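All remarks here apply to the structure that follows.
Every number in this text was worked out from the coordinates using simple rules, so none of it is lab data. This one's a predicted model, so the numbers in the text were calculated from it and none came from an experiment. Cβ: placed from backbone, ideal geometry, glycine included. Neighbour counts: every protein chain shown.
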Amino acid sequence: MAVETAALPLQDAGTGTSRIETGGTTGSAIALSHISFAYPDTLPVLHDLSLTVQPGERVGIIGHNGCGKTTLFHLLCGVLCPTTGEVNLLGRRLVPGQFYPEVGLLFQDPDDQLFSASVQEDIAFGPLNMGLSPEAVNQRVQQAIQITGIAALAERPPHHLSGGEKQMVAIAGLLAMHPQILLYDEPTANLDLRARRRLIQFLQQSSQTLLMASHDLECVLEVCDRTLLFHQGQIIADGPSRDLMGDEALMLSHGLERPYSLAVGC
């Protein structure tokens with residue numbers, strides 16, 4: 001189910017950074033055509049994968065460990081090159097190895113994403129490396145801080161923050177780059193209940209195209225209208241989240257449990 005979204009602007013002109021032009025919300029945000037991928041000296045991780053995601057969709061990706069979720073995200077960022085097939089983002093073919101600020105990836109562990117002396121400096125890192133003017137960088141940083149509600153943390157060192165606070169700072173760093181596609185890899189991992197709830201509420205209000213890989217099925221159910229079930233590098237099922245995850249036989253046959261809220265009829 002696609003929802004309307006006000007597309008964030010592409011990067012400022014004259015930065016020299018790679019761009020993906022888009023023809024508007026009538027085209028797909030993500031289109032994968034017969035993608036396969038294998039790491040050196042291993043069996044294929046993804047097999048003949050085809051997928052289309054529309055602008056503004058929030059799509060959950062579920063499946064057991066090692067089924068290819070994180071590998072898919074790295075392909076969508078251009079970090080990895082598919083063995084076969086083609087990746088198209090916002091109407092144009094993705095070229096592996098190029099920098100695409102229109103795509104933001106949240107790592108499983110925010111400590112892998114935060115390294116500056118202060119929160120504000122960390123959020124500014126991406127826009128600075130896009131070649132923006134100091135004024136434009138500051139504007140983006142302040143906007144991202146406001147959206148994520150972390151103004152009180154702006155001058156603090158990231159390594160002094162709680163897990164939930166680090167997660168929101170990492171998200172702010174992505175938003176400051178004005179991405180149109182956001183990839184969240186296990187976003188609720190290691191969060192306490194309060195931080196998890198705040199993150200879910202934030203994601204529910206997101207206007208960008210969103211893909212979220214998670215073992216937290218209740219979170220996927222609350223955030224994502226559509227869910228993909230991965231198994232051994234293939235999409236086994238694709239449909240409305242409540243219908244797919246409510247299918248007990250399907251879930252059990254792939255090593256998953258139906259979310260508790262669906263089991264008790266919430």
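Side notes on the structure shown:
- Take the convex hull of the alpha carbons in region 177-266; its mean projected area over all directions comes to 6.7 nm².
- Taking the square roots of 5 times each eigenvalue of the Cα gyration tensor of region 89-182, largest first, gives ellipsoid semi-axes of 23, 15, 11 Å.
- With a Förster radius of 35 Å applied to the C-beta separation of Ala136 and Tyr39, the computed FRET efficiency comes to 0.35.
- Amide H contacts under 5 Å for Leu105, placed H, 5+ residues apart: Leu183
- With θ taken as phi - 60° and the Karplus curve 6.51 cos²θ - 1.76 cosθ + 1.60 applied, the whole-hertz 3J(HN,Hα) list for region 150-160 is 10, 4, 5, 9, 4, 9, 7, x, x, 6, 8 Hz, x standing for glycine and proline.
- Assigned charges on the beta-carbon of Lys, Arg, Asp, Glu; the chain dipole about Cα centre (debye): 280 debye
- Amide H contacts under 5 Å for Ala189: none, restricted to partners 5 or more places along the chain or on a different chain, H placed in the peptide plane at 1.01 Å from N.
- ³J(HN,Hα) computed for each position of region 47-59 - Karplus, 6.51 cos²θ - 1.76 cosθ + 1.60, integer Hz, glycine/proline x: 10, 6, 8, 10, 7, 10, 10, 8, x, x, 5, 10, 10
- Under-5 Å amide H pairs with Gly60, H placed in peptide plane, nonlocal only: Met212, Arg226, Thr227, Leu228
- Debye intensity ratio in log₁₀ form over the Cα atoms of the chain, taken at each q of 0.14 Å⁻¹: -1.00
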